[in-house]
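Each remark here refers to the structure printed beneath this line.
The values are calculated or read from the model by the stated rules, or taken from the named source; none is laboratory data. All of these numbers come straight from a predicted model, not from anything done at the bench. Note: ideal-geometry Cβ built from the backbone for every residue, glycine included; neighbour counts use all protein chains shown.
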Amino acid sequence: MSDFVMRSPIDNTVSNKARSHKGLRWQLPLLTAIVAGGVGGFAYFSQETSQASVAPAAPLAAVTVSNPLQRDVDTRLGAIGQFSAVNKVELRAQVGGTLSEIHFEDGQIVKKGDLLFAIDPRPYEIKLAQANAALESAKARYNLATNQLDRVQALLKTGTSTREILDQRVSEQHAAQAAIDDAQSQIRNAQLDLEYTKVRAPFTGRIGARQVSTGGLIAGSRAAASPTTLLATLVSLDPIYLDFDMSEQDYLTFQRQRQKQTGSLDNKVEASLSDETDYGLQGSLNFLDNAVDRSSGTIHTRATFKNPDLFLAPGQFARVRIGLTAPAPALLVPDASVLADQSSHIVLTVSDKNVVVPKPVELGDLRDGLRVVRSGLVATDKVIIDGIPTARPGSVVDPRAEPTKVALNKTVTE
């Protein structure tokens, strides 16, 4: 007999409800835990947000400020120049021959007229002797022609000679005189050649390295009609030139200021060598070219400097400045506090409310590490000299005042 028992629909319904109540018993605690966790998380994040909203504000950027330094400064133009010799010559022989003597050491200071080279003079002594002999011969012919002329003139008075013979004797005398003149010029020419066998210094200066050696054959020519031998170079050192170029704008400024000057200020030039910080060399402007170079837009200028100790040498570079006006009051700020703004320059200042305010300025040259400000600032402005990267225009900063410092660590408080 089978164990299968038929159940009614009522029994199935009761069984399903029992199972449903069993599931609710374990699902309810789980739902309660989820809700509690959500409430706790919301409370945690709300507390964090509240704490963040009441966090203290960031500190203000600290900057160092200083008033512009007030000084009397003059208007100047600056440039880079190069020294050159007033006199420079290539020593070449004017006569040829064998070099027999050298009378200097390379790089030596030589005086005007000093003997530098000697060429074997014997060939030119022979030429001089020949010229003297030719002169004696010409004088003898002249004496003979003169005597013959005197005799013909005496015979002509007695009628024993003719006018034709007289003219002939006069012509012979003139030819003899011309021979004397030619012989004398040949003597002078031979004497000059003999003199040129000794090459002397044409001026005082420093001689360079010799380009020939004793015993070498020298080619020479007085008219430079043929190639000649370079013996050495000689440059003068005192005084010495300093050549530099002015831009067209500087040239205009110089010319306009020069027209206003009545003294010698516009001709004063100062220079500083590459290892110097001050402008201790004093010179005078002595040349301004007659045209602006079209390719470079500059005009060549030259100044003369005394060089008694022969310290300066041609080819050295130097910084040049030219004073244009007498000293006048001006403001100066550290060069590092000047910022480039495209084609202009600005300086960051701090207002009375500690707000950063940029001000456009017109600049001059550098003085002891400070930049001259021609316009754009007043003496009471607070210029930011340190902390510039953290100072944004329009932002509030914490300014701290310090005196301006110039080059060589000199503090200026005036």
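For segment 103-160, a residue qualifies if it is of a type in the set (A, V, I, L, M, F, W, C) and over 29 Å from Asn189 (Cβ atoms), and the qualifying residues are Ile109, Leu149, Val152, Ala154, Leu155, Leu156.
Considering (1) under 38 Å from the mean Cα position of the chain (by Cα); (2) assigned to a helix (DSSP H, G or I); (3) not assigned by TED's automatic domain parsing to the domain that holds Asp289, the lone condition that Gln186 does not fulfil carries the number (1).
Kindly check whether there is at least one residue in segment 136-150 that is in contact with a Lys or Arg (Cβ under 8 Å, 6 or more places away or on another chain), in contact (Cβ under 8 Å) with a residue 24 or more places away in the chain and under 30 Å from Ser226 (Cβ atoms). Among the residues of segment 136-150, not one is in contact with a Lys or Arg (Cβ under 8 Å, 6 or more places away or on another chain), in contact (Cβ under 8 Å) with a residue 24 or more places away in the chain and under 30 Å from Ser226 (Cβ atoms), which makes the answer no. Consider segment 304-332 and keep the residues that are among the small types (Gly, Ala, Ser) and surrounded by fewer than 17 Cβ atoms within 10 Å (Cβ to Cβ). The one that is nearest to Phe83 (Cα to Cα) is Gly315. Would you check if Asp309 is among the acidic types (Asp, Glu) and in contact with a strand residue (DSSP E or B) (Cβ under 7 Å, 6 or more places away or on another chain)? When the stated conditions are applied, Asp309 does not pass them. Filtered by the rule that a residue be more than 18 Å from the chain's Cα centre (by Cα) and either of a type in the set (A, V, I, L, M, F, W, C) or at pLDDT below 90 (or both), segment 239-255 gives Leu252, Thr253, Phe254, Gln255. A search for C-beta distances below 8 Å between a residue of segment 340-358 that is without any contact (Cβ under 8 Å) to a residue 40 or more places away in the chain and over 16 Å from Val383 (Cβ atoms) and any residue that is among the charged types (D, E, K, R) and part of a strand (DSSP E or B), counting only pairs 6+ apart in sequence or on different chains, returns nothing. A count restricted to segment 342-386 and to residues that are over 25 Å from the mean Cα position of the chain (by Cα), among the hydrophobic types (A, V, I, L, M, F, W, C) and part of a strand (DSSP E or B) stands at 11. Only one of the numbered conditions (1) loosely packed, with under 13 Cβ neighbours inside 10 Å; (2) more than 22 Å from Leu366 (Cβ to Cβ); (3) free of Cβ contacts under 8 Å to residues at least 24 places away in the same chain is not met by Leu288, and that is (1).
Among the residues of segment 94-117, the ones that are assigned to a strand (DSSP E or B), crowded, with 18+ Cβ neighbours inside 10 Å and on the phi < 0 side of the Ramachandran plot come to 5 in all. Suppose we filter segment 229-258 for residues that are within 30 Å of Ser100 (Cβ to Cβ) and crowded, with 19+ Cβ neighbours inside 10 Å; how many remain? Of the residues in segment 229-258, 6 are within 30 Å of Ser100 (Cβ to Cβ) and crowded, with 19+ Cβ neighbours inside 10 Å.
The set of residues from segment 86-118 being of a type in the set (D, E, K, R) and within 13 Å of Leu230 (Cα to Cα) comprises Glu90, Arg92.
How many residues, within segment 75-93, are outside any strand (DSSP E or B) and either surrounded by fewer than 18 Cβ atoms within 10 Å (Cβ to Cβ) or within 16 Å of the chain's Cα centre (by Cα) (or both)? The qualifying residues number 2.
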